[in-house]
Amino acid sequence: MRRQLLDTCPFLVANGSALTVISGIGFLLSSLTIYCLIYHIKLPLCQNIFVMNVAVNDVLNSTVGIIRGLGMAASPLFIGVSRNGEILKWCYVYPIIGNTVWSASILVLIPLTLDRFLAIAFPFQYKSLVNKETSRAFSVIIWLPLIGLLIYDSVTYATGHTQIAYQPEFHRCVVENERFYQPIVFLMAPFILIILMYITMLYFVVKTGLESKRLFVITSAIILT
């Protein structure tokens, strides 16, 4: 079956190989970012924590991308199905971990956006609002639901409440009974929140620019936002 998939899916093999290489580069660069944040780049601690959240998520996303790419390339280890068509146990790992990592992609941007929002909307109260304790609290609030999602997915997969199916044409395992509310909670709602904060930031900056009659401030605010 592996040989047949390799022979009949050259396009997927090429795409999988490219995805593996690109994800591998992303993994190395994101890991280097984490290393620099820890040992070399001296950002304020609060911003350091927020950027670290994004870098960690990038490492996780790159790892999932490597697994996905190897699966598309029909590697004997990562193809996810045995010669007799039985789904291998490792195949369950991809949707479980991928589900959590993809859900984190938007959530980890919230602390960074909130940091900028508080700095612009409440400049005089910013230092009291954003400090070591609140920065760590923001990070915990972001990652706790994701850890809960990972545990929930693991339990439901282990108990058989969530079914996994293998798609040989795409060389991947997918969840058959997707939960409709998950994209709303982990994607749409955080995305809308981020957009609203940026719109509010733009309002404050443009308002300040108009009051000070500085066209450069207004133009810069529109471009940056």
- Query: How much length is gained on full extension from ALA119 to VAL174, taking 0.36 nm per residue of separation minus their Cα-Cα distance?
  - Reply: 15.6 nm
- Query: Using a 1.4 angstrom probe with every protein chain in place, what is the largest-first accessible-area order of ARG136, ARG68?
  - Reply: ARG136, ARG68
- Item | Long-range Cα-Cα pairs in the stretch 105-148 (distance over 18 Å), rounded percent | 29
- For an R0 of 30 angstrom, estimate the FRET efficiency from the Cβ-Cβ distance between ILE147 and ILE199 and round to the nearest 0.05. 0.45
- Message: Apply the a/c threshold of 1.5 to the C-alpha gyration tensor of the stretch 86-159 and tell me whether it is rounded, prolate or oblate.
- Response: prolate
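The values are calculated or read from the model by the stated rules, or taken from the named source; none is laboratory data. Only a predicted model underlies this, so the values are computations on that prediction, with no experimental measurement involved. Using ideal geometry, Cβ is built from the backbone for each residue, glycine included, and neighbour counts are taken over all protein chains shown. Keep in mind that these areas ignore ligands, DNA and RNA; they rest on the heavy atoms of the full protein, side chains included. Shrake-Rupley method; radii C 1.70, N 1.55, O 1.52, S 1.80 Å.
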